[in-house]
Every structure is written in structure tokens, then in C-alpha cells.
Amino acid sequence: MQRREFLATGSAASLALLSSCASKEATEGTVQQGPLQAAAGVDIAARVNQYASVKLEADASSLRADEKQLIRLLVEVARMMDDLFWRQAYGDKQALLARASTPELRRFLEINYGPWDRLDGNKPFVDGIGPKPAGANFYPSDLTKQEFETAAGASAEAAAALKGQYTVVRRDGASLRAVPYSQEYGDLLKPAAARLREAAKLAADPGLANYLNLRAAAFETDNYQPSDLAWLDMKTNGIDFVAGPIEDYEDALFGYKTAFEAYVLIKDKEWSQRLRKYAAMLPGLQRGLPVPEAYKMETPGSDSELNAYDVVYYAGDCNAGSKTIAINLPNDEEVQLKKGTRRLQLKNAMRAKFQQILVPIASQLIAEDQRKHVTFDAFFSNVMFHEVAHGLGIKNTLNGKGTVRDALKERYSALEEGKADILGLYMVSELLKQGELGGADLMDYYTTFLAGIFRSVRFGAASAHGIANTLRFNFFAEMGAFSFDAATKTYRVVPEKMSAAVAALSEKILRLQGDGDYAGTVQFVNQMGSIPPALQSDLDRVSAAGIPIDVVFDQGTAWLG
Ligand code: ZN
């Protein structure tokens, strides 16, 4: 599971009023012709500037000629994943981009992989385009949940096909039909598979070669499990590659369908060494979780690995809107129970966000004398332990409701991200107590964590992370874990209340998951999932100060020479 990141702005209500009259004619469907114009009240240049541009590259002098060629092939495959994500999120990329009336508009369409602003609750930012379908382009745009459930209820086979994570749903006359990705996207998946096999021949590392060959087969068969297992067996490779249909956030209708993405990565061996010891501590940390025994009975895979990387290419889902800074894969629960997961900390992307966004936010919203506690080491650790914490807790409900993911449906992602955040912080404090983090100061972690909430709350209600952070802000407020000073308009960590708040929220989430409590989760989100007006005005101050919300990458293969 990635760290996904988006934002909502405060001007939604007034915009909606304006557009509700203007867009009546367009509600029948999307206008397909003519130049696109920015929607009323939308300043496209300002929205592009919400993203700070960051160059992605690595030290090419340490790479051999065959490695450079391998990276070029992987970037080619990544670009195909990018085109596939466009189809899933929107449809015809070239037709849409050709209608952009200005370079800024074209750029903003590219950043969002479509005409809906991912940092603004997916609202359309051009005229003549209706709201984004909840099921993106995975399902017919007019599909209702009722119609889908009826069709899926016809037989076990129908349910498996229609709910499959590697199928799209299309209309076939009056009925619904599931089309496997290998078929729907075969025109790009077949050449992608061929490139992967070429790349496998160049790979000096046998583990990487094996994975690339099995991934090629997966593109053709929709059976990703063998390649997921092979990816977990890779230990010694310096170049890494993540590609395929992976996360389910883009399917906001049901959370069944996976979206294409890719990362081309170069391992940072020195930092990886520093991270190695934490993976070994997972089983002990699981036993120490602040919940009754039943909620921590599963044993996290002992084969889990934690490494640091520099990313040299992002494509598709992970590059849409806000950018991922850590990865924990694979998502397949069967594979996780058998072999654990691999956690990839994307160090160069993290540092970019820390410097461009977190530090400026802290200088606005954190009490002046606590700002010294906002450090890159703490930020890096909080993100790292977030990823580790995805492996804690349980994957299956305690009461026969199946996996936690199935039981909590479209609410699963937000709760799971919230779990990872809070258990990550819980783990940091445990390890500090055990003396495992050297001379680090707990206040660094708490203060950086609080500043991180402000950063992530900005991602808004269209993002699992945005919701998770809003829930946590409200929960912490209720528990008194921070205070607000009206004179300086800054927030202050209250350390003596913080640890109780962390334990209480950990238990709340682990129980909802273990009980597969869908209704309870909906209630929790309804109760605590909205941004209170006071916080919104603080976020508006941060935006008015011109602090970017996220980064956008200047990337390619030029750095390879
Ligand atoms: Zn996560």
C-alpha cells in the first residue's frame, strides 16, 4: 500500500453554486468537441503552481552501459503503464490533451490524468465536463451499485469476474460483462511484456531477471501472483522495478479494480543497511500492540524487507496528483501471509516533500519553540514506520466476515492508512523506550507527526490519506494531544496526552478492522472525517502563503547520458 496524497480547497461551496446552473446542459454527458476552457473561477496557472517541480535523477557514473540500457527499457514500459492509467482514469488521453487551449491547461490535465482536480475532490476544472464517475473508467459511467450487485449476485462465477481486480466491467446489451485486463489493454500489455523480456536478458541479477520474465507473463495472463512472489525473492538487485495494476484507490465506487502504475528505482545500499534491523523486529512489535490478543493473532511474514531507494521515474497512478513517497507491496494478502512484504522508502522524493512542503507548513502552524523538533530524520522514520505498520494487525476478520479488505469495502483504504500512521507512531515510541533508536527525541517524532497531519489533511476527502489524517486530527483534538494558541495561531504538541491518544486510536482502528465493522467504520468517518472550520482557515492561510501542496517530477532518461 502506498502513501497516497491529494488536497481539497475551501472554495467548493461557492464554485458548486456557480456551476450548478451553468452546467445543466452538460449533465447529459461530456462535451467531446472544441477547445477546453477553464471552469469559471478556476485559475489554472495557480493550480499548476500548487506543485513544486522537482528533478528526478541519479548518479549515472556508478552505472554500467548494460544497466543504463536496462533502465531505458524499464522507462519505456513505465510510459506504457502511464498510458494505461490514462485509459482507466479517464479514457482518450490524446483527444483530451489536443483540446487544451493553453500550455498551462495541458500541463494541468497531465498532472491530473484527466479533467478533474485530484487535489480538489475530483471536481472538474474545465467547462463542459461532468463530474468524475466514482468508478472512473473501470465501469460504465452510469452504473449503479444496485445494478452491479444484482449482476454479481447471479452466480459465484459472475461475482468473481465482475468483482475481479484485473477486469473492467462493460455493458453488453442489457447485461454486464467482465473483460480481463490482458484483453482490454492487450494492445499495450503485449509490447510491454516484450520489452520486459528484453530487459530480463540485460539484467545481471538473476532475481531481477526472473521477476521481469514472470511479470511479462502476468501482463498476458492476468495472473500476478507468481511475479509478486518472485519480486519478494529479489534481495541483491541494485535496480528495481514496480509495474502493473496495483492499487485500488482509483476505483472509488467499490475499491475492486487496480490501477496501472510504475516506478523505476535505484537502491541506496547505505541507507538500506540502516533500515535492515527494523524489519526483524516486526513479530515482537506485533505482540506488543495495545489490543486484546485476538486482534493480533496473525504473525507478520518473517521475510519482510525494508530498503531505501532513489526513484528515477514515476508513471500512472503513483504519479497522478500527489506523489507516493513510500511503497509497501505486494497487496495480495495471500502473498503477504506467506512471504511478508517489501517496503521501499523513496528517499529523494521524501526529501523533496520535506523541504518544499513540511518545513514551510511547520513555520506557519507549529508553535515557534517546537519547530526545532521538525526534522528530516523524524519525517523519514514516521513514513518508514507507516509502511512497516501496514504489516501489523490482522488481515482477516475475527468473526468470519472474510478479509478486512472485503468486509470494509470502499472504506477499507482510509482506515488502513489511518492504522498504518498511528501504529507507526506507536512503534516509534516503543522502540525509543527499548533504546533502539539511539539518542532520538520523542518530541521530534511527535512534532513532525503533527506537522505531517497538516500536510496530509490538505489532500482532502478524495484521498484515503486525507480522510485518515482528518480523522486523526479530530480524534487528537478530542483527546487533547495538541493545543491551539489563538494569539500566534499555532499548534503545540502536548506530549503527556499524546501517548494515550496514540494508544486509544490504535485500539479503535484495530477493533473496527478485526470486527469487520463496516457500519462502525462509516459512523466513525461521518463523525470525525470532516475538516472543522477553524482548521480549514489555518489550511487556507498555508495555501495563501504559497506553500505548495505537492511536487511534480521533471523526469526522463537524459541523465543517463
Ligand atoms: Zn500506507
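Annotations for the structure displayed:
- Accessible area per residue for the chain, computed on protein heavy atoms with a 1.4 Å probe, is 38 Å².
- Relative contact order, whole percent, for the stretch 468-533 stands at 37, derived from Cα pairs under 8 Å and 6 or more residues apart.
- Close amide-amide hydrogen proximity is noted between F459 and F6, A8, each under 5 Å apart and 5 or more residues distant or on a separate chain (H modeled in the peptide plane; Pro and chain starts excluded).
- When the chain is described by a simple charge dipole with +1 on each Lys and Arg Cβ and -1 on each Asp and Glu Cβ, the residue from Q33, T447, Y224 located farthest towards its positive end is T447.
- Surface calculation, 1.4 Å probe, protein heavy atoms: S62 sits at approximately 80 Å² accessible.
- Computed about the Cα centre, the dipole magnitude for the chain is approximately 460 debye when only Lys and Arg (+1) and Asp and Glu (-1) carry charge, each at its Cβ.
- 3J(HN,Hα) along the stretch 62-74: 8, 9, 7, 4, 5, 5, 5, 5, 4, 5, 4, 5, 5 Hz, from the Karplus curve 6.51 cos²θ - 1.76 cosθ + 1.60 with θ = phi - 60°, whole Hz, x for Gly and Pro.
- For the stretch 434-561, the dipole from Cβ point charges (+1 on Lys and Arg, -1 on Asp and Glu) about the Cα centre works out to 260 debye, to the nearest 20.
- Of the solvent-accessible surface of the stretch 425-561, computed with a 1.4 Å probe and all protein chains present, 53% belongs to carbon and sulfur.
- Computed over the stretch 24-164, the convex hull of the alpha-carbon atoms projects to a mean area of 12.6 nm².
- Cα→Cβ-extended label distance, 7 Å offset, between T150 and R511, nm: 3.9
- Built amide H within the under 5 Å cut-off of I366, gap 5+: Y491
- With a cut-off of 15 Å on the backbone N, the residues of the stretch 99-119 near the modelled label site 7 Å out from A45 along Cα-Cβ are 102-108.
- Think of the chain as having a plus end and a minus end, set by charges on the Cβ of Lys, Arg, Asp and Glu; of M234, Y309, F476, Y309 sits farthest toward the positive end of this dipole.
- Theoretical ellipticity at 222 nm over the chain - DSSP helices of four or more residues, -39500 (n - 2.57) apiece, nearest 500: -15000 deg cm²/dmol
- Once the Cα-Cα distance is subtracted from the 0.36 nm per residue extended length, the Q355 to Q527 segment shows a gain of 58.6 nm.
- Extension gain from L97 to D187, taking 0.36 nm per residue of separation minus the Cα-Cα distance: 30.3 nm
- Rounded percent of accessible protein surface that carbon and sulfur make up, the stretch 43-172, 1.4 Å probe: 50
- log₁₀ of I(q)/I(0) at q = 0.14, 0.21, 0.26 Å⁻¹ - the stretch 356-395, Debye sum with one point per alpha carbon: -0.43, -0.70, -0.85
- Paramagnetic reach from A487 (point 7 Å along Cα→Cβ, amide N under 16 Å) across the stretch 359-379: 367-370
- Taken about its Cα centre, the stretch 221-374 carries a charge dipole of roughly 860 debye when the Cβ of each Lys and Arg holds +1 and the Cβ of each Asp and Glu holds -1.
- Since only S155, A414, F379 are under comparison, the one whose Cα sits farthest along the positive direction of the charge dipole of the chain, derived from C-beta charges on Lys, Arg, Asp and Glu, is F379.
- Once C-alpha pairs closer than 8 Å and six or more residues apart are averaged by separation and normalised to the residue number of the chain, the relative contact order reads 20 percent.
- Amide H contacts of V126: A39, each under 5 Å away and 5 or more positions distant or on a separate chain (H built 1.01 Å from N in the peptide plane; Pro and chain starts excluded).
- Largest first, the three principal axis extents of the alpha carbons in the chain are 61, 60, 55 Å in whole numbers.
- Three-way shape label, the stretch 117-213, alpha-carbon gyration tensor, a/c 1.5: oblate
- Rg and Dmax of the stretch 247-336, based on Cα coordinates, read 16.2, 43 Å.
- Here the 3J(HN,Hα) profile of the stretch 139-145, calculated from phi with Karplus coefficients 6.51, -1.76 and 1.60 at θ = phi - 60°, is 10, x, 5, 9, 5, 9, 4 Hz, Gly and Pro shown as x.
- Cross-link pairs beyond the 28 Å C-alpha cut-off, checked among K267/K296; K269/K339; K269/K338; K296/K497; K132/K338: K267/K296; K132/K338
- Residue by residue, the stretch 511-523 carries 3J(HN,Hα) couplings of 5, 4, 5, x, 7, x, 8, 4, 4, x, 5, 4, 5 Hz when phi is fed to the Karplus relation 6.51 cos²θ - 1.76 cosθ + 1.60 (θ = phi - 60°); x denotes Gly or Pro.
The values are calculated or read from the model by the stated rules, or taken from the named source; none is laboratory data. Because the structure is a prediction, the values reported are computed rather than measured. Note: ideal-geometry Cβ built from the backbone for every residue, glycine included; neighbour counts use all protein chains shown. Side chains included, ligands, DNA and RNA excluded: accessible areas come from the protein's heavy atoms. Shrake-Rupley method; radii C 1.70, N 1.55, O 1.52, S 1.80 Å.
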